[in-house]
Amino acid sequence: MTEGGGQILRIATSLSSIFQIAVRIYDIRGGRKSPGLKAQHLNGVRLLRDMTEASLHGDELNSQTIELIPNKLKDGSFKVEIGTAGAVMLLVQSSLPCSLFSSGPCNFHFTGGTNVDFAPPVDYNIQVLFPILKRFGIEVDYKVERRGYFPKGGGKFSYQTEPVKRLKAVNLLEFGNIIRCTVHAYVAGVLPIKIAREMGDTAKKLLEKANLGVPIECEAVKEENSFGNGSGIFIVVETSTGCLLSGSSLGRRGLPAEKVARKAVDELLESVHHQVCVDKYTQDQLIIFMALAAGKSAMRSEPPTEHTRTAITLVEQMTQAKFSVTSNDGDGTCIIECDGTGYYNRHL
């Protein structure tokens, strides 16, 4: 494997649960300064145990080996309180694919960090990932009850799904024209609104200078319903073909608001410059859905990230899906294609 972090754990346990394949995962996060299962990983594995009434061994903090022996996926309500600022969006990554092949509706209630480092912010899921997943035939109802920041967490996020018979293949190959650009700058807790305004103003000026061809819609807000102190910015570009590209950045003590904004803008403009249809964060998120879908899926993106290469390697080992990556000479993009397994829900 090329990336030994929590991603392997999430994909492997998710596919294990869907296909009812026993899996043993070792050297978990072995390359990290503090290896083994942390609170968010431990809770994610236990969540899938509960969803499949599985036998689970090694589920302890800092454990580097776990074994999951799943039974059939079941529907129902599932609640996870991470107890730290561990990212609730990473719980979504492992549980969402499984919920689609359960016997009925699934309801999830997570407590932890919604906007934290090293994980997608909740804004990404609701503004980028969930809309893209509709193309596969996936509908996600969600509610952000409260945002939570490092180090306390305390954010509350819930989502619901209905089972599907099969996922549809998707083609994300045409960039189209930019039709909208939105900027959401925010602060929470004791941080003053002026920080959000500085981030928003900086981002707007940089985006206007980039000549995207559309007005820049910018809002700066103080999140009233939050737990702890935090700040950040989230930017989305939408195109005429339905492409959704994003850039985001979190504030931290001592980091000027202008630098926070610039990082998010630079991320976004890199995707826009290459006219890709999925950004580098969405790229690896779609691998498991492409593998499960019926037919050939394709997406135009930047060259595969380390996370994407890991996801492809693992999915090909655990399923019959086959991927190919073709570089487009000279323009810094590639086409990632997948012949999906066409896995169908045996409960429906």
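Couple of notes before you dig in:
- Beta bridge orientation in the chain: antiparallel %, DSSP, nearest 5: 70 percent
- Full extension of the chain between Ile193 and Arg346 gives 50.0 nm of extra length, using 0.36 nm per residue less the Cα-Cα distance.
- The stretch 1-138 - share of DSSP beta bridges that are antiparallel (%, nearest 5): 45 percent
- DSSP beta bridges fully contained in the stretch 184-299 are about 70 percent antiparallel.
- Å² per residue, accessible surface of the stretch 100-246 at 1.4 Å: 44 Å²
- Computed over the stretch 44-173: relative contact order in percent, which uses C-alpha pairs under 8 Å that are six or more apart: 24 percent
- Our estimate of slack between Arg180 and Lys143, defined as 0.36 nm per intervening residue step minus the Cα-Cα distance, is 10.9 nm.
- Percentage relative contact order, the chain, counting C-alpha pairs under 8 Å, at least six apart: 15 percent
- A simple packing score, the average count of other Cβ atoms within 10 Å per residue, orders the peptides 124-130, 340-346 as 124-130, 340-346, with the highest score first.
- Mean Cβ count within 10 Å, highest first, over the residues of peptides 257-263, 238-244: 257-263, 238-244
- Gyration tensor (alpha-carbon) shape descriptor, the stretch 1-159, a/c threshold 1.5: oblate
- Length released on extending from Asp117 to Ser34, taking residue separation times 0.36 nm less the Cα-Cα span: 28.3 nm
- In this structure, the residue pairs whose Cα-Cα separation is over 25 Å, taken from Lys38/Lys152; Lys33/Lys194; Lys143/Lys296; Lys143/Lys209; Lys156/Lys222, are Lys33/Lys194; Lys143/Lys296; Lys143/Lys209.
- Overall form of the chain per C-alpha gyration tensor (a/c, 1.5; a/b vs b/c): oblate
The values are calculated or read from the model by the stated rules, or taken from the named source; none is laboratory data. None of the values given here were measured: they were computed from a predicted structure. When we count neighbours, we look across all protein chains shown, and the Cβ atoms used for this are built from the backbone with ideal geometry, even at glycine. Note: areas computed on protein heavy atoms with side chains; ligands, DNA, RNA excluded. Shrake-Rupley method; radii C 1.70, N 1.55, O 1.52, S 1.80 Å.
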